[in-house]
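Only the coordinates and a few stated rules stand behind these numbers; no lab work does. Since the structure is predicted, the reported quantities are computational estimates derived from the model, not experimental observations. Cβ coordinates were reconstructed from backbone atoms using ideal geometry, including for glycine residues, and neighbour counts include every protein chain displayed.
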Ligand SMILES: [Zn+2]
């Protein structure tokens, strides 16, 4: 039996990927931001659809799924807004709670050790740069401009 099928049947455990806490938090934050953005998109697109003008006898004003008549003045705008609206509904995460509302876990000592080590490396790099960057002109070169005597 193929491995995928074995996994679906629960015979072999699902492979897992360990992920750093700060990366996981970043992913959750990105999901929450995406949710907020999609919610705004749904509201605005629905608003545009609501404001579209329709020709006499068009069902589009009352029913979102009804197609517009050819004579509707805002037919194209409504179709574009419906595309945005449906994309927002389809791709918005079903739920994404704000990170601040979730239980807080303090960063580990290893995380702080990593940050401190990175800072030390940056400091060393800065010292190297300060040591090698020459701001004074080369000594053996004679000045090009000379005053007449
Ligand atoms: Zn219409």
Run the Debye formula on the Cα coordinates of segment 20-99, all scatterers equal and no solvent, and tell me log10 I(q)/I(0) at q = 0.11, 0.15 1/Å. -0.40, -0.59
Packing-wise, with mean Cβ within 10 Å as the measure, how do 121-130, 63-72 rank, highest first? 63-72, 121-130
FRET efficiency for residue 90 and residue 59, using Cβ-Cβ distance with R0 set to 30 Å, rounded to 0.05: 0.80
So for segment 20-99, averaging the separation of alpha carbon pairs under 8 Å that are six or more residues apart and normalising by length, what relative contact order in percent results? 43
